[in-house]
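Okay, structure first, notes after.
The values are calculated or read from the model by the stated rules, or taken from the named source; none is laboratory data. The shown structure was predicted, so the numbers you read here are calculated from the model rather than taken from an experiment. Backbone-built Cβ (ideal geometry, glycine too); neighbour counts: all protein chains shown. Keep in mind that these areas ignore ligands, DNA and RNA; they rest on the heavy atoms of the full protein, side chains included. Shrake-Rupley method; radii C 1.70, N 1.55, O 1.52, S 1.80 Å.
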Amino acid sequence: MEIEKVNHPYLTAIKRTDISVPTRYLLKHDLLKGRILDYGCGFGFDTDELKRQGYDITGYDYYYRPDYPEGKFDTIICNYVLNVLEPYAQAEVMMNVTNLLHPKGTAFFSVRRDLQEEGFRLHAIYKQYTYQCNVRLPFPSLVCNSSYELYQYNHFNKLPRKDGEKCPFCRLSRRVEVICETATCVAFYDGYPVSPGHTLIIPKRHVASYFDLTNHEREAMNVMLQYVKQKIDERFHPDGYNIGINVNEAAGQSVFHVHMHLIPRYKGDVRNPKGGIRGVIPDKQKY
Ligand SMILES: [Zn+2]
Ligand SMILES: [Zn+2]
């Protein structure tokens, strides 16, 4: 019988006897600051060695060290994780890392550049599949050679802005709280919330209409919607949600950069909520 092609990324963890190359780079350049998280630490050699050297570091690995980290971190390292995951799992890791990062923090993603082939491979000893692929991120690259690439990530609203940039989302306020990011999208709490937890999800690319996004961007926004909903549930415990996108001035769009509103709703927040989104035409809300 053929074995089902299910990824077992923990089988790619390496029993190390020395600090990994990307972590050594970060150490040498004094980039490991404050409270540190080693996300996807595997067996945890780097974590334990840095702790021994006096760093304030926590290791997390969904398989080997499954206690999910609490609070925010000043530095997050994520070594050789994304390149052993399939696309949805990569997005999940990116959203977790960006969500765990302090607003002024820096994350470092390293990915392999020495892969001979991509896709599923049957593990010789465990007879289960692992997966690997080349990953390229739209972030500044600190190291890129034939063995690995190391990217530096800061929250979308902390990046340098283009001169004269007027779009309020392309030059997102430094003060807004970013919830999470992927390579293409970012979610943040609305600066003028209509209810506690009101969130906007936007593509990073400047596009006015939702209907002009690529399928990939629309998909990424939907994956993010699902993630952000969980975060809002944990923090605000709403009783319901409205999800909405305004397209064109006639429909009430005022910022011409696509944004999806996720509006948490609470029992009693309006006298009669019946009809919900139908309320965009107030006379027709009740039917
Ligand atoms: Zn824009
Ligand atoms: Zn709007």
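Summary of values
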item	result
The chain, relative contact order in percent, only Cα pairs under 8 angstrom and at least six apart counted	12 percent
For the chain, built as a Gaussian network whose Cα springs stay under 10 Å, the top-fluctuating residue of 87, 203, 273	273
Whole-Å semi-axes of the range 221-273's equivalent ellipsoid (Cα gyration tensor)	23, 17, 7
Long-range amide H partners of residue 43 with built H, under 5 Å	14
Most mobile of 201, 277, 232 in a GNM of the chain (Cα contacts under 10 Å)	277
Peptide ranges 99-107, 11-19 listed from the most packed, as the mean C-beta count within 10 angstrom indicates	99-107, 11-19
Residues listed by number, the range 235-254, amide nitrogen under 12 Å from residue 192 label point at 7 Å toward C-beta	254
In Å, descending, principal axis extents of the Cα set of the range 9-154	40, 29, 27
Entries in 204/231; 166/231; 166/229; 104/274; 229/284; 158/231 that, when Cα-Cα distance is taken, lie over 32 Å	104/274
Alpha-carbon centroids, the range 116-172 and the range 222-287: separation in whole Å	32 Å
Gain on full stretching of the segment that runs from residue 63 to residue 163 - 0.36 nm per residue minus C-alpha separation	31.5 nm
Contour minus Cα-Cα distance for residue 214 and residue 72 (0.36 nm per residue)	47.9 nm
Relative contact order for the range 178-282, counting Cα pairs under 8 Å that sit 6 or more residues apart, in percent	29 percent
Mean projected area (nm²) of the alpha-carbon convex hull when the chain is viewed from all directions	19.5 nm²
Calculated P(r) tail over 20 Å for the range 178-282, as whole % of Cα pairs	40 percent
Contact order normalised by residue count of the range 9-154, Cα under 8 Å, 6+ apart, percent	21 percent
Accessible solvent surface per residue of the range 132-253, calculated while the other protein chains remain in place, 1.4 angstrom probe, Å²	53 Å²
Accessible surface of the chain, 1.4 Å probe, proportion on carbon and sulfur as whole %	52 percent
The chain - Cys residues lacking any other Cys C-beta under 4.7 Å	41, 78, 133, 144, 180, 185
